[in-house]
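Chemist: Right, I'll just put the structure down here and ask away after.
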Amino acid sequence: MKIKRGITISLIPWSLALGLYYSLAIHMYHSLGGWPESIGTRGFSPALLMHDKIHGFYISNLALFTIFVVPVIILICLFVPRWQPLIIYLSLQLLGMLIFFLQMFFAPDGYTYWWWD
């Protein structure tokens, strides 16, 4: 039972990122009546701007944590035998980031282009 709970907890951060990614896409499409025609947030409503800022803050910080902190924690766990079982959960964090970026192939092109710019 503890393993399933650990796996579930490990998958929550990037699952939330995925939810924010698509909820912003839906919010943007309905607010603007389509995808933005230019880079930036010109013409965004205050609610859409707030949604974009929350999404950007969360994704940026989660990506930085996953890229720079998680590998260090994995290395530490490799040297502490008692902590070695935790490596699987930390690896799921890395896998979650990979899946997040791969899922962009399924997102609408107009939104993905805007998101990367």
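The values are calculated or read from the model by the stated rules, or taken from the named source; none is laboratory data. Keep in mind the model is a prediction, meaning the values are calculated, not measured. FYI the Cβ positions are ideal-geometry reconstructions off the backbone, even for glycines, and counts take in every protein chain you see. Calculation scope for accessible area: heavy atoms of the full protein, side chains included, ligands and nucleic acids excluded. Shrake-Rupley method; radii C 1.70, N 1.55, O 1.52, S 1.80 Å.
Chemist: Sort through LEU92, LEU62, LEU24, LEU11 and tell me the only one that's in contact with a Pro (Cβ under 9 Å, 6 or more places away or on another chain) and either of a type in the set (Ser, Thr, Tyr) or surrounded by 15 or more Cβ atoms within 10 Å (Cβ to Cβ) (or both).
Modeler: On the way: LEU92 fails: in contact with a Pro (Cβ under 9 Å, 6 or more places away or on another chain); LEU24 fails: in contact with a Pro (Cβ under 9 Å, 6 or more places away or on another chain); LEU11 fails: in contact with a Pro (Cβ under 9 Å, 6 or more places away or on another chain).
Being in contact with a Pro (Cβ under 9 Å, 6 or more places away or on another chain) and either of a type in the set (Ser, Thr, Tyr) or surrounded by 15 or more Cβ atoms within 10 Å (Cβ to Cβ) (or both) holds for just one of LEU92, LEU62, LEU24, LEU11, which is LEU62.
Chemist: One residue is enough: does region 66-80 have a residue meeting the conditions in a loop (DSSP other than H, G, I, E, B) and either β-branched (Val, Ile, Thr) or farther than 21 Å from TYR111 by Cα (or both)?
Modeler: Here is the first cut: in region 66-80, the residues in a loop (DSSP other than H, G, I, E, B) are 80.
From what is left, the residues that are either β-branched (Val, Ile, Thr) or farther than 21 Å from TYR111 by Cα (or both) are 80.
Scanning region 66-80 turns up at least one residue that is in a loop (DSSP other than H, G, I, E, B) and either β-branched (Val, Ile, Thr) or farther than 21 Å from TYR111 by Cα (or both).
Chemist: Which count do you get for residues in region 81-113 that are farther than 27 Å from GLY6 by Cβ and in contact with a Phe, Trp or Tyr (Cβ under 6 Å, 6 or more places away or on another chain)?
Modeler: Residues meeting the conditions: 2.
Chemist: For LEU94, only one of the following conditions fails: (1) part of a helix (DSSP H, G or I); (2) over 18 Å from SER10 (Cβ atoms). What is its number?
Modeler: The number of the failed condition is (2).
Chemist: What number of residues within region 95-108 satisfy the criterion of being farther than 11 Å from ALA25 by Cα and open to solvent by 30 Å² or more (accessible area, probe 1.4 Å)? Talk me through it step by step, then tell me what you get.
Modeler: Narrowing region 95-108 to residues farther than 11 Å from ALA25 by Cα: 95-106.
When the remaining residues are screened for being open to solvent by 30 Å² or more (accessible area, probe 1.4 Å), the result is 95, 97-99, 101-102, 105-106.
Qualifying residue count, region 95-108: 8.
Chemist: What are the pairs, 6+ residues apart or on separate chains, where a residue within region 22-46 that is part of a helix (DSSP H, G or I) has its Cβ under 6 Å from a residue that is not acidic (Asp, Glu)?
Modeler: LEU24/HIS51; LEU24/HIS55; ALA25/TYR111; HIS27/LEU48; HIS27/HIS51; SER31/SER45; SER31/LEU48
Chemist: Would you confirm whether or not region 31-54 contains a residue that is open to solvent by 50 Å² or more (accessible area, probe 1.4 Å), touching a helix residue (DSSP H, G or I) at 6+ places or on another chain (Cβ under 6 Å) and not β-branched (Val, Ile, Thr)?
Modeler: yes
Chemist: Identify all residues within region 6-44 that are touching a Gly at 6+ places or on another chain (Cβ under 7 Å), over 15 Å from GLY110 (Cβ atoms) and aliphatic (A, V, I, L, M); write none if there are none.
Modeler: LEU11
Chemist: Another question about this same structure. Please work out if ALA17 is part of a helix (DSSP H, G or I), surrounded by fewer than 16 Cβ atoms within 10 Å (Cβ to Cβ), touching a His at 6+ places or on another chain (Cβ under 9 Å) and not charged (D, E, K, R). Working first, answer last.
Modeler: Values: part of a helix (DSSP H, G or I): yes; surrounded by fewer than 16 Cβ atoms within 10 Å (Cβ to Cβ): no; touching a His at 6+ places or on another chain (Cβ under 9 Å): yes; not charged (D, E, K, R): yes.
It is false that ALA17 is part of a helix (DSSP H, G or I), surrounded by fewer than 16 Cβ atoms within 10 Å (Cβ to Cβ), touching a His at 6+ places or on another chain (Cβ under 9 Å) and not charged (D, E, K, R).
Chemist: Does region 72-79 contain at least one residue that is modelled with pLDDT of 90 or more and either charged (D, E, K, R) or under 15 Å from the mean Cα position of the chain (by Cα) (or both)?
Modeler: First, the residues of region 72-79 that are modelled with pLDDT of 90 or more: 72-79.
Pick out the ones that are also either charged (D, E, K, R) or under 15 Å from the mean Cα position of the chain (by Cα) (or both) and you get none.
No: zero hits.
Chemist: Confirm whether PRO85 is under 18 Å from LEU11 (Cα atoms) and at pLDDT below 95.
Modeler: Working: under 18 Å from LEU11 (Cα atoms): yes; at pLDDT below 95: yes.
So PRO85 passes the test.
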